[in-house]
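A short write-up of the structure that comes next.
The values are calculated or read from the model by the stated rules, or taken from the named source; none is laboratory data. A quick note: this is a predicted structure, and the numbers were derived from the prediction, not measured. All Cβ positions, even for glycine, are placed from backbone atoms using ideal geometry, and neighbour counts span all protein chains on display.
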Amino acid sequence: VEVYGPESSGKTTVALHAVAEVQKRGGTAAYIDAENAMDPAYAEALGVDIDQLILSQPNTGEEGLQIADTLISSGAIDIVVVDSVAALVPRAEIEGEMGDSHVGLQARLMSQALRKLSGTIAKTKTIAIFINQIREK
């Protein structure tokens, strides 16, 4: 599932409500915070049990997507939130020099990851929510 919209339009709030609902029903939730911006107090106010939430703050896009794949493949997770797609910066971009061109690198990373994840998601019945922000030009 992709939840997208402009900045501050409630995308993370929707995802956190879904996490809280899964937890209320006895499910296990994971939150991949690629933006390093998840506010535990806000999540708790929405009903998320922070103590039971698997929280990861990856350093690269590859790391975040590998964590998602591992969690989903385990079959032990009912919902995984990736917040956000835009923050999944490829390793080459992080480790490269300022000014280096990395045209299309993130798009290729996401395309490859989604091809891999879609089959696993179907087998495990895990809900995967990808948050994405639309950028106005």
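Within region 69-92, count every residue that is at pLDDT 95 or above and touching a Pro at 6+ places or on another chain (Cβ under 9 Å).
Summing the residues that are at pLDDT 95 or above and touching a Pro at 6+ places or on another chain (Cβ under 9 Å) in region 69-92 gives 0.
Those residues that are under 16 Å from L88 (Cα atoms) and either hydroxyl-bearing (S, T, Y) or in a strand (DSSP E or B) (or both), I need them from region 1-45; list them, please. Lay out the reasoning, then the answer.
First, pick out the residues of region 1-45 that are under 16 Å from L88 (Cα atoms): 2-4, 12, 31-38.
The answer is E2, V3, Y4, T12, Y31, I32, D33.
Do you know which residues across region 46-68 are more than 17 Å from V89 (Cα to Cα) and not β-branched (V, I, T)?
L46, G47, D49, D51, Q52, L53, L55
What pairs come up if the first residue lies in region 78-102 and is part of a loop (DSSP other than H, G, I, E, B) and surrounded by 14 or more Cβ atoms within 10 Å (Cβ to Cβ), the second is acidic (D, E) and at pLDDT 85 or above, and their beta carbons are under 6 Å apart, counting only those six or more places apart or on different chains?
S84/E35
Looking at region 39-68, which of the residues that are of a type in the set (A, V, I, L, M, F, W, C) and out of contact with any strand residue (DSSP E or B) (no Cβ under 6 Å at 6 or more places or on another chain) is surrounded by the most Cβ atoms within 10 Å (Cβ to Cβ)? Lay out the reasoning, then the answer.
Restricting attention to region 39-68, the residues satisfying the condition of being of a type in the set (A, V, I, L, M, F, W, C) are 41, 43, 45-46, 48, 50, 53-55, 65, 67-68.
From the residues that got through so far, the ones that are out of contact with any strand residue (DSSP E or B) (no Cβ under 6 Å at 6 or more places or on another chain) too are 41, 43, 45-46, 48, 50, 65.
Numbers: A41: 7, A43: 22, A45: 11, L46: 16, V48: 25, I50: 13, L65: 23.
The selected residue is V48.
Restricted to region 103-137, and to residues that are at pLDDT below 90 and in a loop (DSSP other than H, G, I, E, B), which residue is surrounded by the fewest Cβ atoms within 10 Å (Cβ to Cβ)?
The qualifying residue surrounded by the fewest Cβ atoms within 10 Å (Cβ to Cβ) is K137.
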